[in-house]
Amino acid sequence: MRRLLNLILVLSVWLCITGCGKPVRNVVAVWRTAEDDLIYQEFHEAMEKEFRSRGIKVRIEDCFLNDGYYAGVKLQDRLPASLDRVEADGRKVDLVMAYGDFCHHMAMLAKDPRLEDIPIVSFALLGDEINRRPEKRRVVMVRDSITLKENLDFMRFVFPDKYRVITMLDWRSSWIDRSLMNSMSGQMAALDSADYFSGLGLRCSAKDLDDAAKAGKTVFYSLSLDNTIINRNPDTYEVFPATWAFFSQRSDNHVLMVKHDKVTERLELNPDFPLYCTAVAEGFLHHDNCIGGHFSPFSVQVKDAVDRALMLWDGVDPSDIPVAWHKREYHADWDVLRDRMELGSMPECVHLEGVRFSDRHPSLHAVIVRYGWLLTGAAALLLLVMLLSAAIRNALVRRELSRVSRASIELKDDLNMLLRGTNSVSWTIEDGRIVYANDGMNLKNNITLAERHTQSNDFYKEKLEHFFAISQPGSYSLQIERVDFDGKTRWYELRMNVAATIDGVRKSGITINIDDDKKMEASLHEAHRKLALANERENFISAMSHEMRTPLNSIVGFSQILTAPGYECDEEELRQFGEAIDESNHELMKIIEDMLALTHMDNSNIRIDFKEYTVADILRRFENERAGHEHASGRTVRYHKGPEDSKIRVDIGLLENAWRNIVGNALKFSDSASSVDVGWTESPVGVSLYVSDVGIGIDKANHDIIFNRFFQVDHFTQGTGLGLALAKEYVTRMGGTITVDSEPGTGSTFYIRFPMSEGDKSV
């Protein structure tokens, strides 16, 4: 198949290369015959074929001169009418081709100025009076002629015992027939009177014709249709008055046709018309009783005419193209002569048409036919045996199929019963529709895939479209939630099998209602959620109890020392105890604030007030706030400026809370000799605030979980594990992101990124 497609592609390309770009020539062909005439059809096809063989594309407009084609239009006006038909389509006539004397004569009589510019090729011209051409016509002519002696010799060879030859000519009423009569009379006069006798024009008596025939001469005379006495039965023969007179003498005469018109064609098609010869191409191979003759065939005439047309299109002046002559040869139809003579008796100069293999090799043909019948009989016997064998096999196959079908029906019934019991339905996809095998779940059958898709929301609709579009063989499953035709929402699991077949793929599957499974799954999930919540609360209470106990112990311990009876302390000790109590009090307040913030955050009851700030102002505000604390802790926070015009839209309170937690963590996990670097950078997509320390660092495995609640990298360091969780929650609610870049022992850098400012907004 692929080779065939490649061949078609190559041929298409070749046709485009050879045919595209060449202009289409418009040719008007003038015929004397009718459109339904077989001779016209052969001429038309031969003309198109000849132009095509020269690589020229033509559109032929036919102009018929017989009655009925142009109603009410005179003969000499029919060619201009054909020119009008071509120009009505927006085309320009490039050539007129006139076949025969009459068509040439009508082309010359047409009074149309357009014909002074359009080249005309007239061919197959028989009459001697056709030589002249009009001065204002660009005409090229190709002549033909009646070769009388060659045709009479051919008839003497075909009919050796018959020497009386007649032809049909209305020479008294038709100038064309008169021209042919004059041409043949001149040829007869040049023949030896000892061998030939001319009775043309009926200028002799019947006795003279009989005497010449008895003397062994070839007698040739004409029969005029217009001058023959009409038969006594005018209702039958008044159209062709010569028919009766001719047939009354047909046993002694043979016919040589020298013209073709409606009258002679009706004679030739008459089943009682005898075998005849022809000196013109018309009728040969078209009429069953035409033997052949010496003439110029259609192929030669058309080729000569096309040759002259190409010369005119090449710019050759018509006056420089001399009158040419069609080549004439002997032609015979062997289908007509087969019963009259042997094939070997025909001279080599005669071109035979219709010769079969049996004509050239009769003995070999007889052997082939004999053995062919034997082979046919053997093949028929073998075919009979094969048919009987096939019938037996078919009977066995049908019996087995019947058994398998019964078993399949039983299996299907069992399957349907099982499916109904399990609240399931099986289906196949046929021509874009879902066809259910059983209706156990009250689903709409034979529904299109598109209609089934619309039952689900957009999320599951897209999943369904991808699911049913799978064409790779295999097994697939999908869980969806959809609204059924009864208006209820249900959960289903689709299991589909895709199998490769000769015609493509076959999709079949099963749909299972999993509402109970989903309810059980939801119950289990809720139980897990409640358990996780309980665990989280337990962890929370445990963590809070532990974290609050440490600062409370410090406060209570120092308070007891200060209030112990009899204990006296100096001012330095009093100051140290006060600082310790104050620091523990601050730590306890921080724990309580984180707890309140977390509770407030879970309630989702935070109003975010966005405003535009320059990052430089925000960092300067943070710097002033932490100045006293840094001095007390002994650690240094170094500020690094970024672009002064960098602006972000944030809730300054939430950002301060997030910033305190991140900077506090950096100070907490750094030694007293190190410093914490803070600053900001700007990129095309937004602004990044960063906090960088050289503390203990964080393993990459913990990068994603350090923002979880109660997670602590170092469990021996004071803290609740809520600082980073709250920072991420604050930043996320303001539309930002927070990430970390850290490795153990090298410190950590936290990035808070916000998009560029786009204007005030309040959420």
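Taking R0 as 56 Å, what's the FRET efficiency between THR749 and SER405 from their Cβ-Cβ distance, rounded to 0.05?
Details: r = 75 Å, r/R0 = 1.35.
With R0 = 56 Å, the Cβ-Cβ based efficiency is 0.15.
On full extension of the chain, what length is gained from GLU644 through ASP192, given 0.36 nm per residue of separation minus the C-alpha to C-alpha distance? Let's see the in-between values first.
On the way: separation 452, 0.36 × 452 = 162.72 nm, distance 12.92 nm.
Using 0.36 nm per residue and subtracting the Cα-Cα distance, I get 149.8 nm.
Annotation: amide H-H contacts under 5 Å for MET257 (H modelled 1.01 Å from N, sequence separation of 5 or more, or interchain): CYS277, THR278, ALA279.
Electrostatic tally near GLU743: other residues with Cβ closer than 13 Å to its Cβ, Lys and Arg +1, Asp and Glu -1, net -2. Here LEU310 and ASP77 are evaluated by their C-beta separation; at R0 = 25 Å the FRET efficiency comes out at 0.25.
Using 0.36 nm times the number of residues separating LEU531 and GLU150, minus their current alpha carbon distance, what extension gain do you get?
125.0 nm
With a cut-off of 9 Å between beta carbons, the residues surrounding LEU125 carry a summed charge of -1, where Lys and Arg count +1 and Asp and Glu -1. For the pair ALA437 and GLU571 in one chain, pulling the backbone fully straight at 0.36 nm per residue adds 38.7 nm over the alpha carbon distance. Among 216-223, 460-467, the peptide with the highest mean count of other Cβ atoms within 10 Å heads the list, and the full ranking is 216-223, 460-467. For segment 52-118, the fraction of 1.4 Å probe accessible surface lying on carbon and sulfur atoms is 48 percent. The phi torsions of segment 362-378, fed into the Karplus equation with coefficients 6.51, -1.76 and 1.60 and a -60° offset, translate into couplings of x, 5, 4, 5, 5, 5, 4, 5, 4, 5, x, 5, 5, 5, 5, x, 5 Hz, rounded to whole numbers, with Gly and Pro shown as x. Once the 1.4 Å probe is applied to the protein heavy atoms, segment 291-402 comes out at 64 Å² accessible per residue.
The values are calculated or read from the model by the stated rules, or taken from the named source; none is laboratory data. Note that the coordinates shown come from a computational prediction; the quantities given were computed from them, not determined experimentally. FYI the Cβ positions are ideal-geometry reconstructions off the backbone, even for glycines, and counts take in every protein chain you see. When the accessible area is computed, the model is the full protein with side chains, heavy atoms only, and any ligands, DNA or RNA have been set aside. Shrake-Rupley method; radii C 1.70, N 1.55, O 1.52, S 1.80 Å.
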